[in-house]
Amino acid sequence: MTIDEQVSTYYNMLLKRNAGEPEFHQAVAEVLDSLKIVLEKDPHYADYGLIQRLCEPERQLIFRVPWVDDDGMVQVNRGFRVQFNSALGPYKGGLRFHPSVNLGIIKFLGFEQIFKNSLTGLPIGGGKGGSDFDPKGKSDAEIMRFCQSFMTELHNHIGEYRDVPAGDIGVGAREIGYLFGQYRRLAGQHESGVLTGKGLTWGGSLVRKEATGYGLVYLTAEMLKAHGESLAGAKVIVSGSGNVAIYAIEKAQELGATVIGFSDSSGWIETPNGVDVAKLREIKEERRERAAVYCDEVEGAICHTDGSIWDLKADVALPCATQNELDGDHARALAANGVRFVAEGANMPSTPEAIEVFRAKGVYFAPGKAANAGGVATSALEMQQNASRDSWSFEYTDQRLHKIMSNIYRTIAATAKEYGHEGDYVLGANIAGFKKVADAMLAQGVI
């Protein structure tokens, strides 16, 4: 049986065993496609059921989360934690609170997290969790009660040497605080390393809030530099206006770019003169209002409720909103409008068709498992500070983050070149992330 046939046979089996989980199927298909070239060159990676073990989570937790709303009514949500792979270290990955969350979404995110964490070079495994609870429109008291109920079950399965969750969509500093408080209450001790994204006065790390957005731009800058270009003077599109997008916008403009558009679920904002980051942060972080308010308060900004942000003419695109937001038609529009570099701030925001369009059109594309690894990298740096009871300066932590992201770019670029596909950063990221985990799994036996 050829390698193609072996991979196809396994993938078909995976589809049957994991029915109704399209995002997980998509994530696995992308990685397996890249690994065919590895299995041809290094067939020992097919030994001992390695690929099958890699694609099967070590543990999948689903649990009931009952809580009482402000009207005294009992509500019931579903909680998840998928502990996917611990070959490199304790499970590490965020918690997502959003109505779209289901087991398939968490498995896709956890699977991606394995390779993302591997690429950081830090000793952390891959996991992910969350709930279909929607924090939007809830009072602080309701969110606190939900988080306490969620942690009442989750605390049995996590620990600083076992599984260290962080925040993700819908889980910010407020939610992490409530979750940590309940964990501390149940554990009976101040185990600060059990969660990351904590407040700065009780074990958190400087740069953690900025890390995913900053890291995305650091890697993008390295990619441009490698091809003789620079962010200075570049026009950049950033989708989204959440935490990742805001700090990607901030860092891109610090490095001399002009961000000419951003978006949220209500539409997109054209900003030909660049983004007033302080105003955007005030609207989204402090006032928790829609991005459309930005147009009312900043001169020159133009609101759009139709069309697409991807129709703007630019040099660089940074999708930072959600999975599969950028499809084949969007990719063709970006290429036609002069975009030569795309880097993912969100998890899997580009569809497989979009990635193929970028390849065909010669657009350099950095996948999320490499480009948005700054968040988890800085979470791991927070774990280091907690373990040593230390606190680092913003400048030192930012330097560590910058170095990690530069190393990730060099690693994926060198790996793509080694396997005869120079410039294919999807292949480079998948292979580089895979080999480190695979070598550890083989060394540790069949477990």
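Give the percent of DSSP beta bridges with both residues in the chain that are antiparallel, rounded to the nearest 5. Once the DSSP bridges in the chain are tallied, antiparallel ones form about 50 percent. Considering only Tyr247, Tyr183, Tyr419, the Gaussian network model of the chain with Cα springs below 10 Å gives its largest mean-square fluctuation to Tyr419. Orientation-averaged projection of the stretch 101-172 equals 5.3 nm² [convex hull of Cα atoms, one quarter of hull surface area].
Placing +1 on each Lys and Arg Cβ and -1 on each Asp and Glu Cβ, with no other charges, gives the stretch 1-131 a dipole about its Cα centre of roughly 340 debye. Can you figure out the FRET efficiency of Asp69 with Ser388, using R₀ = 30 Å and their beta-carbon distance, to the nearest 0.05? With R0 = 30 Å, the Cβ-Cβ based efficiency is 0.15. Sorting the segments 84-97, 29-42, 318-331 by their mean number of nearby beta carbons within 10 angstrom, highest to lowest, gives 84-97, 318-331, 29-42. Listed peptides 392-404, 116-128 appear in the order 116-128, 392-404 once ranked by packing, highest mean of other Cβ atoms within 10 Å at the front.
Every Cα-Cα pair of the stretch 278-423 was included, and the share exceeding 22 Å stands at 56 percent.
Distance from the C-alpha centroid of the stretch 109-161 to that of the stretch 66-96: 6 Å, rounded to the whole angstrom.
Where the centre of each part is set by its Cα atoms, how far does the stretch 181-203 sit from the stretch 268-304, in angstrom? About 35 Å separates the Cα centre of the stretch 181-203 from the one of the stretch 268-304. Take the Cα of Glu160, step 7 Å toward its Cβ, do the same at Lys435, and the gap between the two points is 3.4 nm. Taking each residue as 0.36 nm, the span from Glu282 to His227 lengthens on full extension beyond its C-alpha to C-alpha distance by 16.2 nm. Using Cβ point charges alone (K and R +1, D and E -1), the dipole size of the stretch 59-190 about the Cα centre works out to roughly 420 debye. Modelled spin-label separation between Asp33 and Asp306, with each label point placed 7 Å from Cα along the Cα-to-Cβ direction: 3.3 nm. Multiplying the residue separation of Ser266 and Arg78 by 0.36 nm and subtracting their alpha-carbon distance yields 65.0 nm.
If you take all other residues with their beta carbon under 15 Å from the beta carbon of Lys235, and give Lys and Arg +1 and Asp and Glu -1, the sum is -2. From the cross-link list Lys369/Lys436; Lys251/Lys435; Lys116/Lys284; Lys92/Lys225; Lys92/Lys209; Lys41/Lys369, which pairs have alpha carbons spaced over 25 Å apart? Too far apart for the 25 Å limit: Lys251/Lys435; Lys116/Lys284; Lys92/Lys225. Remark: the chain is approximated by an ellipsoid whose semi-axes, taken from the C-alpha gyration tensor as √(5λ), come to 30, 30, 21 Å, largest first. Most mobile of Ala414, Ala336, Ala245 per a Gaussian network model of the chain (Cα springs, under 10 Å)? Judging by the Gaussian network model, the answer is Ala336. Here the sum of -39500 (n - 2.57) over DSSP H runs of 4 or more residues, divided by the residues of the chain, equals -14500 deg cm²/dmol at 222 nm, to the nearest 500. Cysteine residues of the chain whose Cβ has no partner cysteine Cβ closer than 4.7 Å: Cys55, Cys147, Cys320. Each peptide in 188-195, 155-162 gets a packing score, the mean of other Cβ atoms within 10 Å over its residues, and the list from highest to lowest is 188-195, 155-162. For the chain, a Gaussian network of Cα nodes joined below 10 Å ranks Val275, Val76, Val164 by mean-square fluctuation, and the top entry is Val76.
The stretch between Lys361 and His44, if pulled fully straight at 0.36 nm per residue, gains 110.6 nm over its current Cα-Cα span. The alpha-carbon positions of the stretch 179-337 define a convex hull whose volume is 139 Å³ per residue.
Only the coordinates and a few stated rules stand behind these numbers; no lab work does. Fair warning: this is a prediction, and the values are worked out from it, not measured in the lab. Glycine gets a Cβ as well: all are built from the backbone with ideal geometry, and neighbour counts include every protein chain shown.
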